[in-house]
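Engineer: One structure, as C-alpha cells, below. Some questions next.
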Amino acid sequence: MTRGVKNAPTKASLSLKQASSKKASSKAAGLGSVKESEKYPLEVSVSNSNLVSDPVSPHITVLLDEAVHALAIKPSGLYVDGTFGRGGHSRKILSQLGPEGRLIAFDRDLTAIESGKEINDQRFSIIHSHFASMQARLTDIGVTQVDGVLLDLGISSPQIDDAERGFSFRYDAPLDMRMDQTSGQTAADFLRHTTEQQLAEVIKNYGEERFAKSIARAIIKERDDGRAITTTGQLAQIVAGAVPRFESGQNPATRTFQALRIFVNQELEELSLTLPQCLGLLKPQGRLAVISFHSLEDRIVKQFIRDQENRDDLPSNFPVRAADLPQPKLVSMGKAIKPGAQEVKANPRSRSAVLRVAERTSVL
Ligand SMILES: C[S@@+](CC[C@H](N)C(=O)[O-])C[C@H]1O[C@@H](n2cnc3c(N)ncnc32)[C@H](O)[C@@H]1O
C-alpha cells in the first residue's frame, strides 16, 4: 500500500503499488505529457460526427468506431457501457443492436445520467452508480452475464468545462472535483485534513509530478497559516509559486490537478476493482474494451489482461503437462489501438488514448 495514502481499498492499493512500481513514463500514453488545454479543447469542430452536444460543452467521443467495432456487437446481445458520459459510444452500440439487443449504461455523474435519460429507446437503460458496483447493480436487475463491456475512462469535456465542478485551473471555482456530486469528499475537504506527506505522495504517484514535495509543503503551509484552500484559483496560484520550472506551454498546476482528481475519485482503485467483475460477467466470446488516458490506468488494464491470458508463470522446465496448466480466461485481441493522426488533429484530447481489447474464453 502506498504509505500515507488513505481511502484506498486494500485490493486496489495493491494495483496502485504495482502501477507505480515501474517509474511511470510520461511519454507512454500518460496525461502528464499532454497540455490540459489540449486534452479538453474548448473549441471543437461542430462537423465532427463523434461530437455529442451539451449545454456546457460538447464531448467528442474518442476512438468511437474502433471501440464499438472491438465489441464485435451481436445484434441480440446484452452490452454494458460503464462510462456513459454523453453517450457517444452508447448511441453507436444501440445503432448496431437489433430489436432483441440491450444496452445498460453506468455513470456516476448526475449530469451524464440526465443526458442518458434523453435516449428514448426501450433497449436502453442507465444506472447512476460508480462502475465498481457494476456486478452488484446488474445482479439486482437479474443480469449475471453480458456480451461485452466498454469502459472509456477519465472525465468528459462537459465535466472539465463546467467551472462549478472544480476540475479545471482555467476557472476560479469551488475546489470540488468529484465526478459523483452526491457522495465522497471534495478536493477541498481532502486538503483540509491531509498531511504534508500524504499529499506529496498523492501528487507524486498520481500526477507524476517531480516537485510534489515542494507543492505539498506550500499547500500545507497556506492551510496551516489559516487560509483554507477552497478554490481552484487559489490552488493553482499556490502550485505556480511552488514549482521552480515546468514544461513550456503547460500550466504548472496541470499535474497537481490531475493527481487530486484521480485521488478524490479513486480512479485507479475503481478500475482495479471493476476489471475482475467484467471477467465474471462476460460470456464466452464476450468482449472487454477499455480506453485509458493515463499510463497508470493503461498499465492496470494491460497487466490484468496479461495475468488472465498467461496460463503459465511457471518455469519453462517445470514438470507439468500443457493440458494441466491453468487455461487462459482472456485472450488479448491484438495490440493496443491508438487514435490516428486525423482523430488527434480533430480532437487533441484523444492523443493520449489507448484502447485495449480482450475476449473471454470459455474457461471458468
Ligand atoms: C470519457 S467520459 C465517457 C464518454 C463517453 N464514452 C461518450 O462517448 O460520451 C467518462 C465518463 O465516465 C464517468 N466515470 C468515470 N469514472 C467512473 C466510475 N468509476 N464509475 C462510473 N462512471 C465513471 C465520468 O463521469 C464520465 O462521464
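None of the figures in this text is laboratory data; all of them are computed from the coordinates on show. Owing to the predicted nature of the structure, the values given are computational and were not obtained by experimental measurement. Cβ atoms come from the backbone with ideal geometry, glycine included; neighbour counts cover every protein chain shown.
Engineer: For Arg245 and Glu100, compute 0.36 nm times the residue count separating them, minus their Cα-Cα distance, and round to one decimal in nm.
Structural biologist: Answer, rounded to one decimal: 46.5 nm.
Engineer: Take the alpha carbon atoms of the range 241-275, find their center, do the same for the range 162-193, and report the distance between the two centers in whole angstrom.
Structural biologist: Value for the Cα centre distance between the two parts: 13 Å.
Engineer: Still on this structure, I have one more. So what's the net charge close to Ser129: Lys and Arg +1, Asp and Glu -1, counting the other residues with Cβ under 14 Å from its Cβ?
Structural biologist: Values: positive: Arg108, Arg137; negative: Asp81, Asp107, Asp109, Asp140, Asp180, Glu270.
Net charge in that neighbourhood comes out at -4.
Engineer: Over 28 Å between C-alpha atoms is what I'm after, so list which of Lys92/Lys302; Lys74/Lys117; Lys74/Lys345; Lys204/Lys338; Lys283/Lys335 land there.
Structural biologist: Lys74/Lys345, as the Cα separations exceed 28 Å there.
Engineer: Considering only the other residues whose Cβ falls under 15 Å of the Cβ of Asp147, what net charge follows from Lys and Arg at +1 and Asp and Glu at -1?
Structural biologist: +3
Engineer: Using a cut-off of 14 Å between alpha-carbon atoms, which aspartates and glutamates can reach Lys329, once sequence neighbours fewer than 8 places away in the same chain are excluded?
Structural biologist: Asp307, Glu309, Asp312, Glu359
Engineer: A further question on this structure: Excluding residues on the same chain fewer than 8 positions from Lys221, give the aspartates and glutamates whose Cα lies under 17 Å from its Cα.
Structural biologist: The qualifying aspartates and glutamates are Asp189, Glu196, Glu201.
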